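Engineer: Take a look at the following structure, please.
The values are calculated or read from the model by the stated rules, or taken from the named source; none is laboratory data. Just so it is clear, the model here is predicted, and its values are computed rather than measured. So basically every Cβ, Gly included, is an ideal-geometry build from the backbone, and we count neighbours across all protein chains shown. For the accessible areas, the whole protein counts, side chains as well, though only heavy atoms, and no ligand, DNA or RNA atoms are used. Shrake-Rupley method; radii C 1.70, N 1.55, O 1.52, S 1.80 Å.
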Amino acid sequence: MTTLRFAGDWPPLLGLTTALLLALAAFLLYQRGIRNIAVPGARVLPWLRAGAVFLVVLMLTGPVLRHRTSTGMLTRLLVFVDSSQSMGVSDPEMDLVRKMTILRGLGWLPPSQASMKAEEASEKLSAAAHTLRTSLSNGQLKEAELHSSLETFLKQIQATLLSLRADTFSNSEAEEMDRQLCLPLKKLVQRFQRASSSPTAVPKDCFELIETASRFQANVAQKARSLAISESGGERKITAALARFDQTSRSERVRSLLLEGAQNSLISRLSPNFNIELLSLENRHTRLLWSSEDGSDVQPVALPQPEATLTNIASALLERIEVARANLKTPMNSRTAVVLLSDGRHNDSGAPATIAKLLGDRGIPLYCIGIGSELRPADLALLGIEAPKTVFHEDRVSGTATLKDDMPAGIPFQLRITLGEKVLWEKEMITSQRSVLKIPFDFSVKDLVASHLLETPTKKSLIPLPFEASLTVLPQEREIRNNSARFIVRATTGKRKLLLLDGRPRWETRYIKSLFERDPQWQVNTLLADPEGKTPWPRGRAPGAFPADEQALSEYDMIIYGDVPPTLLSDEELQSITDFVSKRGGGLLFLDGARQMLSEYGTRPLTRLLPVTFGGPTAGQTDLIAGPLELTERGRSFAALKLEDNAQDPNEIWKSLPPPRHLARCTALPGTETLIETETQQGRSPVLVFRQYGSGHIAYMASDETWRWRNEIAGKYQERFWSQLVNELGEATFSTMDEQIALDTDAFSYAPGLSAGLRVRLRDGKPRTNLDATLWRDGKKYASVNLLQEPGRPDTFAGRSAPLEPGVYDFGVEESGVSPGSTARVRFEVQPPQTGELGELTLNEELLLKMATDSNGKYLREERANELPNLISPLKVGEAIESETLLGQSYLWFSAVILLLTLEWLFRKRIGLI
């Protein structure tokens, strides 16, 4: 590959523009001088002079032809740089020896042989103490394991002491270390047997010796600093370099390591032997910054600002590797290796260790370079808030705030929770350097909801209350951006009412009753028939009574109708249920069972609501299940059947659930939608069928055995299924509604750049195929969004907005002829997400080490990053040979200028101008 670049004193654009202007000036002046000469060939002269001027001026840009050829097949090297916010912090608390080693590696301090040997010894002491401390913290040990750990520690200390005797310590200092550390350690090793498998307690002496080793390590670090002062230009130079380090962020150190130093930069040292892609890890995705294969030999001089609000070193990393493998430029048999420069603070979904193991299985080693300090800085942070998502408007919000307290003990501070300027709860505290604390809080939302309803009255509403928890900012803190966290609680202004009817206390019915009685959004009225089904239910408005009239029934939002004997309700009451659905817009769920009571209603009014038929000689029978539960095409898009938020194929989860053993034999009616089906001995059979009836929605469940799912996943999917299905049918999915319109968004908070899902349901009965909704931002009209009719729901419309900017938004409908007089609005906000990115500021060395080990790669701290080229040299299977042709200084360029001037001279002589 041959590329053109410019290495002169003038930038290419300036040089090209100047060359063109001067060439044009030379052309015009020359043409003016020969305008009276009519000899053939005179018109060529201005062009020859302009060409010579152009080439001479362009030489100032330093044009260079760079040739890159490969012998063999170069290994692809993907270099990922973490661009999250935690990479923007500095590390002044880092160990002194580490700082000085990093400073030398970056070229900010000159080499010092004596100091470097002391630094190496200090690092070995620190690593040995850390390894022993880690092994002792793994719980109860066997005697042989403790003996092995102590013996390894002793050998490391003795080897370090040997090097200190030669280069750093005086005889008295070496004897002191031998007396205080090596001799007691030898005696301790002898107390435990090498081959014993008996469990043993870790003696206190072990931890005392670790502390002794740490004291000697600090002493060696100070000696390294003294040696560096004497060999590197004095105290002032060392102090200035250390001050520079303390003020430099992790991201800046990575930039210096990768890109500074011309041919000595890490990228320049790797590029002759590898095809390099330099990539930035930003949230859940990656961005290509530079590639040695794209013909651009000019490496970037800067990295992106560390502004990503989360760190994902799992899926984002794998995503880019898959792209690289699919890249047509990459031969299928070419090798790939990965380098990751990060502080390891993964705080998103996905398991980095699992991804590393997957890479190792594919033969892709991962080389992790840990950036940052493992020592905890003085900092106070709010790591997270645990609070209910929904509360009744007269209830209280009770939750827990998780704090990180790494401040020196004894400093007063305050934790408070506010809504706007109003303080709702606060607590006076004192720092204790206890790391993680959990602080309970509790406050009322009654007055907040009341004032909100005065501003935006609606019949029913889920009101989002955006709270902010914050900590006092202390002057000693390292990072103040982690002192607050926002959380949203939805207050329901009126409990939704559920009427639960069944012919007997089935497992399924009891579970549903318990589930919705625990939900603050719902008020449950349960009626169960006696075993014979002969005792009538009482009528009235009291709990345990069937609604006495249509007015009482209309107060409900949802009915679950189980195996109810036909004799318990009259035709008039069944007709009131029909009107409840068709006119009132209520939700109805039929829950069939082994007794098959629903097939015995014949021609009574309730039968008109059923989305299935039981006709034929097999009515009232059940089938044995022969296959798994499966979502139909419509079921895959039905939001209430989504059991995992991040599942790529929701059907895979349904197929993994234990299917029911028996299923009511039925057939879905035309015009209905089968959402779940399965294979039975009689063929394909519906499990869940959905239909719209008038203004309401109806579902039929052919089985009552979702309790079997609890055997596998402890009720996780069962709870989510019933909660979502009932909320969907009962319109609890709409956060705001009145008599004419219901509105909802798919969230109450969005990150900038995302779009909002908008949903509207109208009750006016007018036919439409689409609807225009309106967004207001910070009180001003912002945009109009066209919503399309949902499949199978002529009264419901949905769509998505364009990507949104930060702000507070309101969503409603202003379209002419729609909901006249309705003031229903849904409020949501767009703001950067709270991910806990700055909650922990230390280097997560354990994770990076595990990732490197699991992928058959290596882990390096940043001070050893310059060892990377030697470490990955065995992966080299080809070589890139680079050469340059300095065009501006070449004979070819000079010959072109001379040729133009010679031709001009010959033409001038020919026409008699010389």
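Engineer: Please indicate, with yes or no, whether at least one residue in segment 190-205 is aromatic (Phe, Trp, Tyr) and either closer than 13 Å to Leu103 by Cβ or at pLDDT 90 or above (or both).
Structural biologist: Taking every residue of segment 190-205 in turn, none turns out to be aromatic (Phe, Trp, Tyr) and either closer than 13 Å to Leu103 by Cβ or at pLDDT 90 or above (or both).
Engineer: Applying the selection to segment 424-433, what residues are of a type outside the set (Asp, Glu) and surrounded by 13 or more Cβ atoms within 10 Å (Cβ to Cβ)? Break it down stepwise before answering.
Structural biologist: Of segment 424-433, the ones of a type outside the set (Asp, Glu) are 424-425, 427, 429-433.
Scanning segment 424-433 gives Leu424, Trp425, Lys427, Met429, Thr431, Ser432, Gln433.
Each row is one residue, and each column tells you yes or no for (1) in contact with a strand residue (DSSP E or B) (Cβ under 9 Å, 6 or more places away or on another chain); (2) part of a helix (DSSP H, G or I); (3) loosely packed, with under 13 Cβ neighbours inside 10 Å.
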| residue | (1), (2), (3) |
| --- | --- |
| Ala174 | no, yes, no |
| Pro184 | no, yes, no |
| Arg194 | no, no, yes |
| Val202 | yes, no, no |
| Glu208 | no, yes, yes |
| Thr212 | no, yes, no |
| Val220 | no, yes, no |
| Lys223 | no, yes, no |
| Ala228 | no, yes, no |
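Engineer: Can you tell me which residues in segment 468-497 are in a loop (DSSP other than H, G, I, E, B), more than 25 Å from Asp91 (Cα to Cα) and of a type in the set (Val, Ile, Thr)?
Structural biologist: Selection gives Thr493 alone.
Engineer: Restricting the search to segment 400-422, which residues are in contact with a strand residue (DSSP E or B) (Cβ under 8 Å, 6 or more places away or on another chain), small (Gly, Ala, Ser) and free of Cβ contacts under 8 Å to residues at least 60 places away in the same chain? First the steps, then the outcome.
Structural biologist: Of the residues in segment 400-422, the ones in contact with a strand residue (DSSP E or B) (Cβ under 8 Å, 6 or more places away or on another chain) are 400-407, 409-419.
When the remaining residues are screened for being small (Gly, Ala, Ser), the result is 401, 409-410.
Once the filter is applied, which keeps residues that are in contact with a strand residue (DSSP E or B) (Cβ under 8 Å, 6 or more places away or on another chain), small (Gly, Ala, Ser) and free of Cβ contacts under 8 Å to residues at least 60 places away in the same chain, segment 400-422 yields Ala409, Gly410.
Engineer: State all residues of segment 374-386 that are in a loop (DSSP other than H, G, I, E, B) and crowded, with 23+ Cβ neighbours inside 10 Å; if no residue qualifies, say none. Working first, answer last.
Structural biologist: Let us first name the residues in segment 374-386 that are in a loop (DSSP other than H, G, I, E, B), namely 374-379.
If the condition is that a residue be in a loop (DSSP other than H, G, I, E, B) and crowded, with 23+ Cβ neighbours inside 10 Å, then Asp379 is the only one that fits.
Engineer: I would also like to ask the following. Residues of segment 333-367 being open to solvent by less than 20 Å² (accessible area, probe 1.4 Å) and of a type in the set (D, E, K, R), which ones?
Structural biologist: Asp343
Engineer: Also, I was wondering about something else. Against the condition outside any loop (DSSP other than H, G, I, E, B) and in contact with a helix residue (DSSP H, G or I) (Cβ under 7 Å, 6 or more places away or on another chain), how does Glu679 come out, does it pass?
Structural biologist: Details: outside any loop (DSSP other than H, G, I, E, B): yes; in contact with a helix residue (DSSP H, G or I) (Cβ under 7 Å, 6 or more places away or on another chain): no.
Answer is no for this residue.
Engineer: Just give me the residues in segment 335-388 being farther than 21 Å from Ile267 by Cβ and of a type in the set (Ser, Thr, Tyr), in sequence order.
Structural biologist: Passing the criteria: Ser349, Thr354, Ser373.
Engineer: Filter segment 660-676 for residues that are in contact (Cβ under 8 Å) with a residue 40 or more places away in the chain and out of contact with any helix residue (DSSP H, G or I) (no Cβ under 6 Å at 6 or more places or on another chain) and give the result.
Structural biologist: Pro660, Arg661, His662, Leu663, Ala664, Arg665, Cys666, Thr667, Ala668, Leu669, Thr672, Thr674
Engineer: Here is a list: Ala353, Ala308, Ala337, Ala314. Which entry is touching a Pro at 6+ places or on another chain (Cβ under 8 Å), modelled with pLDDT of 85 or more, of a type in the set (Gly, Ala, Ser) and on the phi < 0 side of the Ramachandran plot? Reasoning before the result, please.
Structural biologist: Details: Ala353 fails: touching a Pro at 6+ places or on another chain (Cβ under 8 Å); Ala308 fails: touching a Pro at 6+ places or on another chain (Cβ under 8 Å); Ala314 fails: modelled with pLDDT of 85 or more.
Checking each option against the conditions leaves just Ala337.
Engineer: Contact list please: Cβ distance under 9 Å, first residue in segment 506-526 and under 16 Å from Thr492 (Cα atoms), second residue small (Gly, Ala, Ser), pairs at least six apart or on different chains.
Structural biologist: Phe516/Ser723; Asp519/Ser723; Gln521/Ala732; Trp522/Gly730; Trp522/Ala732
Engineer: Filter segment 89-127 for residues that are in a helix (DSSP H, G or I), open to solvent by 30 Å² or more (accessible area, probe 1.4 Å) and not basic (Lys, Arg) and give the result.
Structural biologist: Leu96, Thr101, Gly105, Gln113, Met116, Glu120, Glu123, Ser126, Ala127
Engineer: Can you pull out every residue in segment 304-317 that is closer than 22 Å to Tyr367 by Cβ and crowded, with 20+ Cβ neighbours inside 10 Å?
Structural biologist: Start the filter on segment 304-317 by keeping residues that are closer than 22 Å to Tyr367 by Cβ, which leaves 304, 306, 308, 311-317.
Within segment 304-317, Pro306, Ala308, Thr311, Asn312, Ile313, Ala314, Ala316, Leu317 meet the criteria.
Engineer: Further question: Looking at Gln140, Gln113, can you tell me which residue is over 27 Å from Asp379 (Cα atoms) and in contact with a strand residue (DSSP E or B) (Cβ under 7 Å, 6 or more places away or on another chain)? Give the steps one after another, and end with the answer.
Structural biologist: Numbers: Gln113 fails: in contact with a strand residue (DSSP E or B) (Cβ under 7 Å, 6 or more places away or on another chain).
Result of the check over Gln140, Gln113: Gln140.
Engineer: Also: Are any residues in segment 754-767 surrounded by fewer than 16 Cβ atoms within 10 Å (Cβ to Cβ) and closer than 18 Å to Phe811 by Cβ, and if so, which ones?
Structural biologist: Quick first cut of segment 754-767, residues surrounded by fewer than 16 Cβ atoms within 10 Å (Cβ to Cβ) only: 754-755, 757, 764-767.
Of everything in segment 754-767, those that are surrounded by fewer than 16 Cβ atoms within 10 Å (Cβ to Cβ) and closer than 18 Å to Phe811 by Cβ turn out to be Leu754, Ser755, Gly757.
Engineer: Please work out which one of (1) closer than 30 Å to Ser349 by Cβ; (2) β-branched (Val, Ile, Thr); (3) at pLDDT 80 or above is the condition Val897 fails and give its number.
Structural biologist: Against the list (1) closer than 30 Å to Ser349 by Cβ; (2) β-branched (Val, Ile, Thr); (3) at pLDDT 80 or above, Val897 comes up short only on (1).
Engineer: Which is among the aliphatic types (A, V, I, L, M), under 31 Å from the mean Cα position of the chain (by Cα) and open to solvent by less than 40 Å² (accessible area, probe 1.4 Å), of Ile463, Ile411?
Structural biologist: Values: Ile411 fails: under 31 Å from the mean Cα position of the chain (by Cα).
Ile463 is the lone residue from the list that is among the aliphatic types (A, V, I, L, M), under 31 Å from the mean Cα position of the chain (by Cα) and open to solvent by less than 40 Å² (accessible area, probe 1.4 Å).
Engineer: Just give me the residues in segment 32-58 being more than 22 Å from Ala896 (Cα to Cα), part of a helix (DSSP H, G or I) and open to solvent by 80 Å² or more (accessible area, probe 1.4 Å), in sequence order.
Structural biologist: First pass over segment 32-58, keeping only residues more than 22 Å from Ala896 (Cα to Cα): 32-40.
Retained after the next criterion (residues that are part of a helix (DSSP H, G or I)): 32-33.
Within segment 32-58, Arg32 is the sole residue that qualifies.
Engineer: Restricting attention to segment 830-839, and to residues there that are touching a strand residue (DSSP E or B) at 6+ places or on another chain (Cβ under 7 Å) and open to solvent by 20 Å² or more (accessible area, probe 1.4 Å), which single residue is modelled with the lowest pLDDT?
Structural biologist: Filtering first and then ranking leaves Gln834.
Engineer: Any chance you could count how many residues in segment 238-263 are in contact (Cβ under 8 Å) with a residue 40 or more places away in the chain and over 35 Å from the mean Cα position of the chain (by Cα)? Walk me through how you get there before you give the answer.
Structural biologist: Keep residues of segment 238-263 that are in contact (Cβ under 8 Å) with a residue 40 or more places away in the chain, which gives 238, 241-242, 244-251, 253-261.
Filter again for over 35 Å from the mean Cα position of the chain (by Cα), leaving 238, 241.
The qualifying residues number 2.
Engineer: What number of residues within segment 556-578 satisfy the criterion of being surrounded by 13 or more Cβ atoms within 10 Å (Cβ to Cβ) and either assigned to a loop (DSSP other than H, G, I, E, B) or free of Cβ contacts under 8 Å to residues at least 12 places away in the same chain (or both)?
Structural biologist: Final tally of qualifying residues: 7.
Engineer: Just one of Arg518, Arg510, Arg416, Arg504 is under 30 Å from Asp704 (Cβ atoms), at pLDDT 90 or above and open to solvent by 50 Å² or more (accessible area, probe 1.4 Å); which is it? Even if it seems obvious, please write down each step before you answer.
Structural biologist: Numbers: Arg518 fails: at pLDDT 90 or above; Arg416 fails: under 30 Å from Asp704 (Cβ atoms); Arg504 fails: at pLDDT 90 or above.
Being under 30 Å from Asp704 (Cβ atoms), at pLDDT 90 or above and open to solvent by 50 Å² or more (accessible area, probe 1.4 Å) holds for just one of Arg518, Arg510, Arg416, Arg504, which is Arg510.
Engineer: Within segment 639-647, does at least one residue satisfy the condition of being part of a helix (DSSP H, G or I), open to solvent by less than 10 Å² (accessible area, probe 1.4 Å) and farther than 23 Å from Arg595 by Cβ?
Structural biologist: Quick first cut of segment 639-647, residues part of a helix (DSSP H, G or I) only: 639-641.
Imposing the further condition that a residue be open to solvent by less than 10 Å² (accessible area, probe 1.4 Å) reduces the set to 640-641.
Checking which are farther than 23 Å from Arg595 by Cβ leaves us with 640-641.
Yes, segment 639-647 contains a residue that is part of a helix (DSSP H, G or I), open to solvent by less than 10 Å² (accessible area, probe 1.4 Å) and farther than 23 Å from Arg595 by Cβ.
Engineer: Checking the condition hydrophobic (A, V, I, L, M, F, W, C), buried (at least 18 other Cβ atoms within 10 Å of the Cβ) and either at pLDDT 90 or above or on the phi < 0 side of the Ramachandran plot (or both), which residue from Leu875, Leu871, Leu886, Leu860 passes? Spell out how you get there, then give the answer.
Structural biologist: Values: Leu875 fails: buried (at least 18 other Cβ atoms within 10 Å of the Cβ); Leu871 fails: buried (at least 18 other Cβ atoms within 10 Å of the Cβ); Leu886 fails: buried (at least 18 other Cβ atoms within 10 Å of the Cβ).
That would be Leu860, the only listed residue that is hydrophobic (A, V, I, L, M, F, W, C), buried (at least 18 other Cβ atoms within 10 Å of the Cβ) and either at pLDDT 90 or above or on the phi < 0 side of the Ramachandran plot (or both).
Engineer: Could you list, in sequence order, the residues of segment 677-713 that are under 17 Å from Arg510 (Cβ atoms) and without any contact (Cβ under 8 Å) to a residue 40 or more places away in the chain?
Structural biologist: Across segment 677-713, the qualifying residue is only Arg710.
Engineer: What residue, among those in segment 694-714 that are surrounded by fewer than 17 Cβ atoms within 10 Å (Cβ to Cβ) and farther than 22 Å from Gly503 by Cα, is modelled with the highest pLDDT? Write out each step before concluding.
Structural biologist: Kept after step one, since they are surrounded by fewer than 17 Cβ atoms within 10 Å (Cβ to Cβ), are these residues of segment 694-714: 707-708, 710-714.
Okay, now just the ones that are also farther than 22 Å from Gly503 by Cα, so 710-714.
Numbers: Arg710: 72, Asn711: 61, Glu712: 51, Ile713: 53, Ala714: 46.
The residue in question is Arg710.
Engineer: Considering every residue within segment 134-143, establish whether at least one is within 41 Å of the chain's Cα centre (by Cα) and on the phi > 0 side of the Ramachandran plot.
Structural biologist: Yes; the residues of segment 134-143 include at least one that is within 41 Å of the chain's Cα centre (by Cα) and on the phi > 0 side of the Ramachandran plot.
Engineer: So, in segment 59-88, how many residues would count as being at pLDDT below 90 and open to solvent by less than 40 Å² (accessible area, probe 1.4 Å)? Give the steps one after another, and end with the answer.
Structural biologist: As a first pass, look at segment 59-88 and keep what is at pLDDT below 90: 59-76.
Adding the requirement that they be open to solvent by less than 40 Å² (accessible area, probe 1.4 Å) leaves 61-64, 68, 74-76.
So the answer is 8.
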